[in-house]
Amino acid sequence: MMKVVVIEDETPAYKRLAKLIDETLPGAQIVAHHDSVDEATAWFTANASPDIVFMDVHLADGTAFDLLKRVKIDAPIIFTTAFDQYAIDAFKASSIDYLMKPVKKEELKSAIAKLDDLKKIFSDKGDVLTQTFAQPEYKKRFIIRFGEHIKTLETDDIAYCYSENKATLARTYEGRNYPMDHNLDALQSMLDPKQFFRLNRQYIINIKAIADMKSYTKARVIVSLNPPVKELPVVSSERAAEFKRWLAGDK
């Protein structure tokens, strides 16, 4: 149900607008009608914003713009007035439309359609923003197949993943190796980059698997892992700076 507020000090104009709203917006309900700045100020201060506000410019004790200076109205506004000189002020107030009295049904329909279009635009943009800024989901576990057996492997249990003889394996802290269905490039996008780092072409390591690190020639870094490996992996000079940022939690 659409909640409507009408700010109008002329009774005939209000009755006409209320009839048009009923005809144009089936199911809409006028939850408040006020004819003065003071009354409207008190209402908007005490109540949640409606879905739409119809507002005459000239009111019993001032103008609609006096009202907007007093309270923040978080609802689309359609101005209705017999005077066209306030159109610029209405535009500055971010109104949806500016309808001249007597308000015509087709003009009201057009204003409502404009509101619906704007809602759709902002809704679509909101969906895009949500998708853009949403935190990515990373794998929490993998399904491992070896022989006729199937088991799940928690990512927290993986010390590192490595490639060997064209196969990709995950080694746990217990020293067990499990074949992976994905290569290192794919795993790199599946694992949380705060926890895992691609050292080189052969290794993706869990930060908790680092046993020791030593500086090597040309700004490279040698990494000792737990469980240990035969040949210690080396971080190239090109990736050393990024590796250090990852260690510091800045990646």
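Each reported figure results from applying straightforward, stated rules to the coordinates on display, with no laboratory input. Keep in mind the model is a prediction, meaning the values are calculated, not measured. Here the Cβ is made from the backbone with ideal geometry for all residues, glycine too, and neighbour counts use every protein chain on show.
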**Item:** Principal-axis tilt of helix 105-133 within the chain, Cα atoms, nearest 10 degrees
**Value:** 20
**Request:** Return the tail of the calculated pair distribution for the range 13-77, meaning the percent of Cα-Cα pairs more than 16 Å apart.
**Result:** 46
**Spatial separation of Cα centroids for the range 1-25 and the range 210-232, in angstrom** = 76
**Request:** Could you work out the relative contact order of the chain, using alpha carbon pairs under 8 angstrom and six or more residues apart, expressed as a whole percent?
**Result:** 10
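Compare the peptides 55-64, 227-236 by average per-residue count of other Cβ atoms within 10 angstrom and give them in order, highest first.
Details: 55-64: 18.8, 227-236: 14.0.
Listed from highest to lowest mean packing, they are 55-64, 227-236.
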**Request:** Before rounding to the nearest 500, sum -39500 (n - 2.57) across all DSSP H runs of length at least 4 in the chain and divide by the residue total; then give [θ] at 222 nm in deg cm²/dmol.
**Result:** -10500 deg cm²/dmol
**Message:** Compute the helix-to-body angle for 11-24: its Cα long axis versus the longest principal axis of the chain, expressed 0 to 90° and rounded to tens.
**Reply:** 40
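For the chain, what is the convex hull (Cα atoms) projected area averaged across all directions, in square nanometres? Let's see the in-between values first.
On the way: hull surface 92.0 nm².
Mean orientational projected area (the chain, Cα hull): 23.0 nm².
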**Asked** Using just the C-alpha positions of the range 141-247 as equal point scatterers, what log10 of I(q)/I(0) does the Debye formula give at each q in 0.14, 0.16, 0.20 1/Å?
**Response** -0.52, -0.68, -1.04
**Asked** Can you give the net charge of the other residues whose Cβ lies under 9 Å from the Cβ of Leu184, counting K and R as +1 and D and E as -1?
**Response** +1
**Prompt:** In what sequence do Thr217, Thr80 fall when counting other Cβ within 10 Å, fewest first?
**Reply:** Thr217, Thr80
